[in-house]
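Written out below as structure tokens is the structure these notes cover.
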Amino acid sequence: MTGLMTTRTRTGLLATAVAAALAVTATGPATAAPEPGVRFVAHLDMAGGQRPENITLEPGGSAVVTFAYSRQVARIGPEGRVHVLATLPEPPAGSVTPALTSPFLGGIVRTHDGTLYFLYATGTGDLTGLWRLRPGGTPQRIAALPADGLPNGLALDERNGLLYAADSVLGTIWRVPVTGGAPIRWSTAPELAADGFLGANGIKVHNGAVWVSNLDKGTVLRFPVTRHGTAGPVQTHATGLLDIDDFAFTGRGDTLLAAINADNEVARVEPGGRHTVVLTAADGLQGPTSLAVRGTTAYIASAAYFTNDDPNVLSARIVPGGQVGKATEAGPKDH
């Protein structure tokens, strides 16, 4: 656990980064090419509010992202072109989102039929919660979540028709059916709590468990799903990953890639918890927020909250052993 002074310092830096993310600037994208081993899918328009918070992949070769503070869900085509699919309603004047102040669009997942689910936090009871966007439709809230929380990461268990949401302020994992309805407080384990700023953050369903990162505590947690569907005893999978945001598994095993936001890094975390840095700012990372993996390719979204320079999406090929090597695609592809 970090000391009080360290916690306050980090909180101040993160708050400054959020403020910078909300500022409209005319700074253009970085012109330097990434180091060998990664490839830009898209440079995004920072002045237009295109700061990707979370990412999911489509089978047709596109990615879908949430733009955190412009309240938009957008598709990024294989050629890097951005198409806005939906803009969420603006909350009433004077509304304050917990921890972040401004409205926040967080995690996003996609079901096999193309339906998108995503989380929206506004500090108001009429908008905060789980939203759905069917192909060709308009966004609809299908589950309300507490206005004093910050629903952030979102995970899909499509086999059982369930969604899991990580609340960074309330230190809670919520469970909601894909059909919507009243959320269940699935876990409030102390390990999910914040330690100065944000706690539970990224979340995935993998190998019979719900996995969650804690940004303040730098941990990856594993909650086994019992045969009754409840949360089993929490297990700490990894430590020492301070400012970890989202993460993604590289395959069927428990090796994962973690986005370390403030340090402009992606770390490879082995099943035993040992972790090594595999991508850095030299590869084009600009405050990585989220990852998605399809086959042998990882896609990393950077929101540039700290650098305030070049929000982008990168692709990198995962080579045997979970290392990251040279990318072979310009955009998401099927494997």
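Tabulated values for the structure
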| quantity | calculated |
| --- | --- |
| Rule-of-thumb Rg ratio for the range 184-314 [Cα; 2.2 N^0.38 Å; N residues] | 1.03 |
| Peptide ranges 124-134, 160-170, 230-240 listed from the most packed, as the mean C-beta count within 10 angstrom indicates | 160-170, 124-134, 230-240 |
| Approximate spin-label separation His112-Gln140, in nm, with each point projected 7 Å along Cα-to-Cβ | 2.2 |
| For the range 4-325: span of alpha carbons on each principal axis (Å, largest first) | 50, 48, 47 |
| Residues Glu90 and Gln235, FRET efficiency given R0 of 56 Å [Cβ-Cβ distance, rounded to 0.05] | 0.85 |
| Cα pair count fraction exceeding 23 Å, expressed as % - the range 56-156 | 22 |
| Virtual spin-label span in nm between Glu158 and Thr124, 7 Å along Cα→Cβ | 3.3 |
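The numbers here are math on the coordinates, done by the rules we state, and not lab data. In this text, all values refer to a predicted model and were calculated from it rather than measured experimentally. Positions of Cβ are backbone-derived with ideal geometry, glycine not excepted, and every protein chain shown enters the neighbour counts.
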